[in-house]
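Student: This is the structure, below, for whatever I ask next.
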Amino acid sequence: MAGRIAAVSIVEAIAADLRNRIFTGDLVSGQTLTETDVASTYEVARPTAKASIEKLVAEGLLDRGTHKTARVIELGPESVRDIYLARAYLESEVLRRLARDKAVPGDAVLANSEIAALQSGAPLDVVEPDMRFHLSLIDAVGNERISRMYRSLVGEVRMCMVRVQSLHLLDNALIHNEHQRILELIESGQGDAAAQLLDEHLGRARERLVAAMGGTAGPEAALPSTLD
């Protein structure tokens, strides 16, 4: 039993490092990742390397067809739209449900305060608390399956967020202020208004990223903040 726990720990550690390398751009879109490369880099056996790769395939960060080498996923404009719309469907309903009870998650408040305190730094400095803000809202509903569904998107969502921040498409103050307003709307029981602001919040990021990737941006890209 102890051996199995150690093996899982190694797989998790390698997967975590590979995940971070993808998010930071060390492993770029379309880059191949073979079991031999991973085994050599981390000095582990091929089965361990394979398990680490399969974990990231399951998270949507790597793509691998049958009997093919894994590659870092390549996100195009339509993929970005699919990812953002999928999360918007889940998050919008979650906000409405939280607002019914006027339940503001403490973890979301804390994550947003971290965004407010950021002055500068690497893209991931913003992405981590931003992601925790949204995850906290999802988890606050207390539905295991909803949390699981949302987490199936998290890898791809993080990739989009890192790209948004790397390209300086959104200002930290705007992110913080709209998060804060969403929490205030939840606290006052205004679920529909919170969901509407979320749609604007995500839609602006989505369409600006689409444009940066060579696609045609929708009108959401030019949306002014309703807080101005």
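Please treat every number below as a calculation from the coordinates, not as lab data. Computed from a prediction, not measured in an experiment: that's the story for all the values here. We place every Cβ from the backbone using ideal geometry, glycine too, and count neighbours over all the protein chains shown.
Student: Placing unit charges on C-beta atoms (Lys and Arg positive, Asp and Glu negative, everything else neutral), compute the dipole magnitude of segment 1-153 about its Cα centre in debye, rounded to 20.
Tutor: It comes to approximately 500 debye.
Student: Still on this structure, please answer the following. Could you work out which residue, out of Ala88, Ala211, Ala45, moves most in a Gaussian network model of the chain, that is, has the largest mean-square fluctuation with Cα springs under 10 Å?
Tutor: Evaluated over the chain, the most mobile residue of the options is Ala45.
Student: Using each residue's phi in segment 136-148, evaluate 6.51 cos²θ - 1.76 cosθ + 1.60 at θ = phi - 60° and report the 3J(HN,Hα) Karplus result to the nearest Hz, with x for Gly and Pro.
Tutor: Karplus-based 3J(HN,Hα) across segment 136-148 equals 5, 5, 4, 5, 5, 5, x, 10, 4, 6, 5, 4, 5 Hz.
Student: Next question. How much length is gained on full extension from Ile146 to Leu167, taking 0.36 nm per residue of separation minus their Cα-Cα distance?
Tutor: 4.5 nm
Student: Let me spell out the model: positive unit charges on the Cβ of Lys and Arg, negative unit charges on the Cβ of Asp and Glu, origin at the Cα centre of segment 117-228. What dipole size does that give, in debye rounded to 20?
Tutor: 420
Student: List the aspartates and glutamates whose Cα lies under 16 Å from the Cα of Lys50, skipping any in the same chain that are fewer than 8 positions away.
Tutor: Result set, ordered by chain and number: Glu12, Asp17, Glu35, Asp37, Glu59, Asp63.
Student: Report the extension gain between Arg46 and Asp82 in nm, rounded to one decimal, defined as 0.36 nm multiplied by the number of residues separating them, less their alpha carbon distance.
Tutor: 9.6 nm
Student: Ok, one more. Just going by the charge dipole of segment 2-72, with Lys and Arg at +1 and Asp and Glu at -1 on Cβ, which of Val38, Gly65, Ala51 is farthest out on the positive end?
Tutor: Gly65
Student: Right, here's the next one. Helix 172-187 versus the longest principal axis of the chain: what angle, 0 to 90°, nearest 10, using Cα atoms?
Tutor: Between helix and principal axis, roughly 60 degrees.
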